[in-house]
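The structure's right below; bear with me while I get my questions together.
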Amino acid sequence: MKQASIDRSTLSKVGGVKRMYEDKTLQYKDLLILKTIAETLNQNHDMKPMLQTTLEKLLELTGLKTGWIFLADEEPIYHHVADHNLPPVLAQDDKEPMRGEVCFCLKLYWKGLLSQAVNIIECERLHDSNTNSQCDTNNLTHHATVPLTICGERFGVLNVGSPGKEHFSDEELALLEGVAFQIGTAVERTRLLEQKEKLAVDKIARYIVDYYANTNEVTRQIWTINNLNELLLSVVTNIGTYFDWSTVAIAIHQGNRLTLRALYDKDNPILMNDSVHLQQKESADMIHKAFTEQKVCQSKNETFSFAALRQSENMFSIALPLKKQEPLLRNEPLGILFIGRETSTFSELEIEILTMLAYHISLAMERIRLYDEWQDLLLSEERNRLALDLHDSVNQKLFSLSLTAQGIKEMINDQNPLVVDGINDIQLLTQETLTEMRTLIWQLRPYSAEKGMIVSLKEYAEKIGLHVTLQMKDDVHFPVEVERILWRIGQEALNNVSKHARTNHATIKIQSIEDHIQMSVTDHGCGFVPEQVELKAATLGIIGMKERALQINGNLHISSMEGKGTIISVTVPQSREI
């Protein structure tokens, strides 16, 4: 009896150890399943593929054969998002039974009665589908239903089962609840990511819309302007204002130089005339590289040619080429649009939009050039018409008046000295008026590019009774527009010599000084006191000459001394593209 008692005690202890080992093994297996499910959920952030893969892995690890997942909104809206190995009765008609009437487990879910994993004694969806069709259920009658929740928020249900399995143990249900908790956490994470991505997409969309709106506003305004300086100032001001950028500038190609013409620097727009040489050795500079290579360049901490741009305050900057848009010819470089800001490099999307804006700026600049040429053509036609009218009417009448006065003088035969003197005065005034009229007609004649400026100025001087000495080197070359305006300035200067200098001699000197052309008209006549320059500005046509010089980005200087003559000099860049 004693030995038997010992045997029973030993057997009891052995059984306890065995059960403990089995429990530990089961716990390890459950932990392994949960670990594998967690890894599977982390492999994908797209909702449906993530749930489908997780469901298949769960069935593989637990030995179950069939499962499906519903994500549910407010009753009666639900979404069939994943399934595996559905029986034919549920898979028929492209899985229509999974999207049909609401089943018992979803009703429990919406009523708030499904708070933990439960055994569904008989699947209503299986039963109804089997009743309405002849398809097989593969002996699947029951399943476990587990709510998908996280922090009290519910997302849907997980259903799993196997043919012939009518009951799930507490341990199995506990494992399924653990899996469901992991799925719920992954669903919440995925939804947050999707919401974040949607917000990011919405933000980008708003950013693009605002960018295009600002670009369109700048473009809309520049097409209303017909003056180059006004256009340049408007462009840099509007870009800086609408986009809230610290620095915007435009540099224009002039001869072998780039000239900084307009600058917007922290709410301060100004017109400039800051030139730097355009040489290949400077191609490392971002602005020159963008111009010479005709491509968009971003800053790489290099120094800028233009000190006004202050690189230290523009940590991020970009230079975009401006060029003439000639469909039948090679696109000719016009200059550079420079933009600097304090934060972030320019994205590819920004560069694409700004390139389009630079295209519109180039077209606007070209339009103004063509508009100026058209205005000059109209002015030339009007001058020519007026000159012909004066020649055919006023000039002929003055000539007839002179002849009439001469005839009256011969008829009275000096009988009345007072009358004769009056007639002589009439003749003298008529001759002077004729001379001035012919001079005016000559001035009104359009400039002839075929003759050239030098020949035209010499002919004009002869017409108004001046002897001119020309001093010019053969290597001085004039762009057509520069030559035309210098001709008008020289014409006015010679006219001043004829009218006011009390001399019939003048010297015209034309020379090239570095990258500029200088023309001076000198006389050794009576001169005037320098303080009288402002008073004589209108009489001497100084205002008009200065305005003409500004049209070609030049400047006019007058030097005079009473009794020693006057020098009028104008200096302009050697080339002017716009």
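No value in this document is a laboratory result; all are computed from the given coordinates. Model, not experiment: these values are computed from the prediction. All Cβ positions, glycine included, derive from the backbone under ideal geometry; neighbour counts span all protein chains shown.
What distance in nm lies between label points placed 7 Å from Cα along the C-beta direction at Asn273 and Arg99?
Output for this residue pair reads 7.6 nm.
Grab the Cα-Cα distance for Asn256 and Lys48, subtract it from 0.36 nm times how many residues apart they are, and report the gain in nm with one decimal.
68.5 nm
Nearest 0.05, what FRET efficiency do Val209 and Ser344 give at R0 = 25 Å with Cβ-Cβ as r?
Step by step, r from the Cβ atoms, then E = 0.85.
On to the next question. Can you tally the net charge around Glu188? Count Lys and Arg as +1, Asp and Glu as -1, for every other residue whose Cβ sits under 13 Å from the Cβ of Glu188.
+2
I would also like to ask the following. Each residue of the range 163-176 in turn: what ³J(HN,Hα) in whole Hz from Karplus with 6.51, -1.76, 1.60 and θ = phi - 60°, glycine and Pro shown as x?
Karplus values, whole Hz, x for Gly and Pro: x, x, 8, 10, 8, 10, 5, 4, 5, 5, 5, 5, 5, 5.
Additional query: Given +1 on the Cβ of Lys and Arg, -1 on the Cβ of Asp and Glu, and no further charges, what dipole in debye does the range 24-194 carry about its Cα centre, rounded to the nearest 20?
Around 400 debye, computed over the range 24-194.
With each pseudo-label sitting 7 Å past Cα toward Cβ, what's the Glu462-Glu410 distance in nm, one decimal?
3.1
Now a separate question. By counting other Cβ atoms within 10 Å of each Cβ, how are Trp245, Trp68 ranked from fewest to most?
The fewest-first ordering by Cβ neighbours comes to Trp245, Trp68.
Also: For Arg257, Arg191, which order do you get if you count the other beta carbons within 10 Å of each Cβ and list the fewest first?
Sorted ascending by nearby Cβ count, the order is Arg191, Arg257.
Multiplying the sequence separation of Lys111 and Lys29 by 0.36 nm and subtracting their Cα-Cα distance, what value in nm do you get?
26.1 nm
A follow-up question, please. Pulled fully out, how much extra length does the chain show between Glu293 and Asp128, if you take 0.36 nm times their separation in residues and subtract their Cα-Cα distance?
51.9 nm
A further question on this structure: Going by amide H atoms built from the backbone, whose H comes under 5 Å of the H on Tyr78, apart from near neighbours?
Counting only residues 5 or more places away or on other chains, the set is Asp73.
Sticking with this structure for a sec: Testing the spin-label approximation: label points 7 Å from Cα along Cα→Cβ at Leu429 and Asn119. State their distance in nm.
So the label points at Leu429 and Asn119 sit 13.4 nm apart.
Could you please rank Thr430, Thr241, placing first whichever residue has the fewest other Cβ atoms within 10 Å of its Cβ?
Thr241, Thr430
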